[in-house]
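One structure below.
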Amino acid sequence: MKTKLFLSMLTIAIGFTACKKDSPDPVVETIITETVTEFGYHAEPTMTQFGPVYTGDYTKFSFSEGGQVEGDDWDIAFRSTHIIVNGGIASSDTSEPSRSSGNAAIYIIDNVMADVTSVDVSLLMQDAELSSAIINDLGVGADGGPGVWCEYANQTVTPISGKILVIRTHDDKYAKMEITDFYDTNPAHIYGGFYTFNYVYQSEEGNTTF
Amino acid sequence: MISATKTSKSIDELPIPISIISEKEVQEFSASKLYDVINKQTGIVSVTTKTGTEGLQMQGLDASYTTILIDGFPVIGRSFGALDLNRISVADIERIEVVKGPSSSLYGSNALGGVINLISKNQIDDGPIISTSLKHASYNTTNSSLVYKYKEGTFQISNSFDYYKTDGYDLIDTDLLNTVNPYSNYTFRSNLKYALSDKLLLNTNGHYYKQEQINIAADSSSLLKGDSNIKEWSFGASAKYLMNSNFSQQLEIYKTNYRADEFLNTEDGVLYEDNYFDHTLLQSEMKSYFTYKGLNSIVGFGITKEELSRRDFSNNPEQDLKFIYGQLDATAFNKVNIILGSRYDNYTNYTPVISNKFALGFPLTKKIQINSSVGTGFKTPDFRQKYFDFTNSTIGYIVLGRDVVIDRLKAMANVQEVVPFSELNSPLKSETSLNINIGLRYNPADNLSFDFNFFNNKVNDLIEWKLVAKDENNTNIYSYFNVNQVETKGLEFNSTYTKANNWEIKFGYQLLYAYDTEVKRRFEEETIYARDQETNVSFKLNKDDYFGLFNRSRHMGDIKFNYHLNDKTDMNTMLTYRSKYAISDSNANGFLDTYDQFIDGYGLCDIGVTHHINPLQSCQIGIKNIFGFTNPEFISNITGRLYYMSFKINFK
């Protein structure tokens with residue numbers, strides 16, 4: 001009888017220790033979800049006799065900052081329908097920002113934002129001397145192949161639905177974004193280049209999941 | 001009914017889906033023009049296309065696939081394939097025959113969706129007949145007509161003169177433009193029949209039509225004013241020789257011209273732009289009829305010559321056609337009817353086309369008739385798809401017809417290819433179709449009938465414009481390609497119940513599925529995306545989210561009710577309904593899906609009373625669109641409530 005009591009108390013004591021869980025490590029949320037509206041401070045073209053020509057600066061964007069940057073820590077940059085990344089080789093256009101420190105890369109995939117849960121690193125492309133990774137629509141290939149995110153008709157640029165841009169930032173972090181609008185509203189500039197986009201940024205280095 | 005087989009056949013005997021609009025029905029609608037009466041028929045609807053032209057849709061097929069005839073002769077002058085049915089007066093019409101389903105085996109190109117034939121009245125009694133009518137309606141609309149006919153023995157002549165004038169209407173008050181500008185037109189028609197002997201019948205017919213309309217447009221800030229005028233004439237002659245009771249021959253010759261001119265001046269009277277369109281058709285056809293017991297056959301052959309001259313064409317194209325056709329119509333056992341027809345069309349510069357039709361009708365029981373038909377049809381590329389040379393500098397695009405695009409692109413500097421230019425080397429092919437109709441007619445009693453018709457049309461090599469290149473200023477250049485395969489299918493149901501000398505009710509309904517087969521396949525096999533119109537975020541569509549072609553309603557219905565108040569007075573009401581449809585891809589994903597913006601379905605109700613004062617005089621009053629439905633933003637051809645009253649006087 002005493003042994004039974006002792007044994008049952010021991011069992012209960014062991015049971016309690018066994019059931020006691022370690023308190024979980026504090027979770028650091030590394031995923032940042034944001035929307036950027038009407039981004040494109042250098043969007044205005046110069047009017048020439050041949051029509052509008054874009055020679056100004058690119059507007060540089062950094063995912064870790066969540067906005068415009070002026071230095072070399074940019075990830076992607078916009079000028080009108082051109083999107084370039086801070087990686088690869090610059091084109092012969094001298095107005096492009098320097099890419100000395102960047103390892104950014106990008107690809108476009110057909111999907112919806114929520115369903116892009118990881119990065120396929122084999123698809124990542126960097127800009128090259130003769131062609132940028134993202135084809136600006138005003139060139140050939142306007143029927144929605146990979147590398148094309150918008151279409152141009154009736155002097156209006158429309159982002160194609162179901163195109164997600166997946167980016168490796170200049171410092172090896174990953175983000176995905178969907179461009180939803182090319183124009184600003186108040187006032188509305190007819191030449192566009194004011195990007196509204198939703199993005200999800202994975203701030204943990206090397207983490208390819210969202 | 002003549003149009004279905006080019007021979008005279010009772011409608012009960014025809015294994016082909018047809019309907020007849022009688023003279024009485026034309027009067028009940030108080031119709032002045034073909035437009036007023038034809039778009040109130042089951043399964044037929046008048047739609048306004050993206051280019052602003054209006055045309056008929058039949059079995060879900062576009063206006064350019066229906067041929068319009070007057071006494072068997074074609075009416076020309078189409079804008080983007082559509083014929084303005086407000087041009088065709090229905091004064092002195094015996095009936096309007098509508099044949100649904102491909103009739104290319106008899107009528108050639110364009111009769112892919114069907115044929116509408118207006119038959120003018122034949123006089124029965126000798127002596128003169130004079131009748132006049134006068135109608136006045138809302139928007140200061142007046143329509144007056146005078147018919148003078150004379151018959152003596154085997155000679156008869158019929159002349160009709162019809163004058164129409166209206167102030168037009170304006171659905172949107174806030175702008176300076178009218179929805180329809182004031183216009184007036186008159187039609188003069190003359191028909192002569194003379195039997196030289198009991199074997200030789202001569203017939204001549206002709207008409208002249210003139211329309212004048214004020215033309216107002218806006219250009220950024222100023223108003224432009226001008227005129228828009230149409231002149232049209234036709235002349236036809238035929239000789240029919242009755243060799244014996246079995247064999248007869250008919251030779252026809254016909255020429256028609258349609259000319260439209262319009263201009264716009266600035267407020268200072270300086271010419272801003274002008275435009276002209278001049279289309280001529282010459283046709284000659286020889287038909288041989290052979291009848292023996294239950295067998296009817298017809299063999300015909302002929303030529304047509306067509307010429308078009310217009311602005312925005314690089315040259316004045318001509319098109320020559322030689323054709324031959326034959327049709328066998330046999331009735332076996334007094335009940336089973338088989339029709340077999342075939343036509344060979346040889347256009348210069350084209351591969352010849354053969355169109356076939358087979359129809360079979362038989363009674364299943366004493367009260368049930370089964371009808372079925374299968375046929376092929378075709379439509380050659382029209383002049384615009386071949387020769388257009390048009391620049392829209394305001395919006396910034398160029399459209400080039402397929403026969404001119406290569407030379408024009410070669411002459412441009414720094415052209416970027418969007419479609420490989422090698423694809424442009426071959427000429428456009430004709431659009432072709434395969435159609436099946438299966439119908440059942442059930443007559444449980446003399447005064448009650450039910451009619452079901454299932455139809456399926458597959459149209460191949462549909463011609464559409466597509467982006468071809470960009471010039472050095474990045475202006476989009478389009479040309480025409482055989483791109484799509486389109487399928488329309490559905491069910492048409494009609495029912496009539498008559499209570500003798502009392503009232504009659506007719507019910508009609510059409511269910512329609514019309515879609516691009518390639519798009520349907522993509523929705524089923526690939527993932528299609530659309531943008532949410534509020535959040536702008538993309539989402540995935542299901543395969544059921546593809547709605548189909550633009551401007552098609554899934555459901556259309558009508559109810560017509562005739563009440564015979566007494567010996568002198570009739571009342572009729574009519575209700576038509578059309579379910580929702582869309583005219584643009586509002587979420588810009590390239591397809592018409594269920595998330596695009598639709599125009600709500602709507603119903604219209606008309607009511608009219610006809611009173612016969614005495615056998616020679618009658619009057620009519622009524623209201624069209626009693627509930628005053630309008631949709632000013634999207635539907636420009638519905639005016640709101642319309643009152644009318646008319647008088648008709650026969651002299652004898």
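Any read-out appearing in this document is the output of simple, stated calculations on the displayed coordinates, not a laboratory observation. Everything numeric in this text was worked out from a predicted model, so none of it was measured. Here Cβ is always computed from backbone atoms with ideal geometry, including for glycine, and neighbour counts include all displayed protein chains.
A few comments on the model shown:
- Where only DSSP H runs of four or more residues are counted, chain B gives -1000 deg cm²/dmol as its mean residue ellipticity at 222 nm, each run worth -39500 (n - 2.57).
- Only Lys, Arg, Asp and Glu carry charge here, each on its Cβ (+1 for the first two, -1 for the last two); on that basis region A:27-202 has a dipole of about 160 debye about its Cα centre.
- Projecting the Cα positions of B:Ile253, B:Tyr515, B:Ala582 onto the charge dipole of chain B (unit charges on Cβ atoms of Lys, Arg, Asp and Glu, taken about the Cα centre) puts B:Ile253 furthest along the positive direction.
- Put in line by how crowded their Cβ is, counting other Cβ atoms within 10 Å and starting with the fewest, A:Ile84, A:Ile108, B:Ile638 read B:Ile638, A:Ile108, A:Ile84.
- Order of B:Arg343, B:Arg408 - criterion: other Cβ atoms within 10 Å of each residue's Cβ, fewest first: B:Arg408, B:Arg343
- Partners of B:Lys335 within straight-line reach, counting aspartates and glutamates whose Cα lies under 12 Å from its Cα and excluding those fewer than 8 residues away in the same chain: B:Asp12, B:Glu13.
- Fewest-first ranking of A:Thr46, A:Thr196, using other Cβ atoms within 10 Å as the exposure measure: A:Thr46, A:Thr196
- Rg/Rh (Cα only; Kirkwood hydrodynamic radius) as it applies to region B:142-289: 1.18
- Taken over the alpha carbons of region B:217-366 as equal point scatterers, the Debye sum produces base-10 log I(q)/I(0) values at 0.12, 0.16, 0.19, 0.21 Å⁻¹ of -0.75, -1.00, -1.17, -1.26.
- Across the options A:Phe210, B:Ile16, B:Thr187, the greatest Cα extent toward the positive end of the charge dipole of the protein assembly as shown (unit charges at beta carbon of Lys, Arg, Asp, Glu) belongs to B:Ile16.
- Positive-end extreme of charge dipole, chain B - chosen from B:Val45, B:Ser430, B:Asn453 (charges on Cβ): B:Asn453
- Computed from point charges on the beta carbon alone (+1 for Lys and Arg, -1 for Asp and Glu), the dipole magnitude for chain B about its Cα centre is near 2400 Debye.
- Filter on B:Lys489/B:Lys540; B:Lys240/B:Lys305; B:Lys9/B:Lys193; B:Lys225/B:Lys379 - keep pairs with C-alpha separation over 31 Å: B:Lys225/B:Lys379
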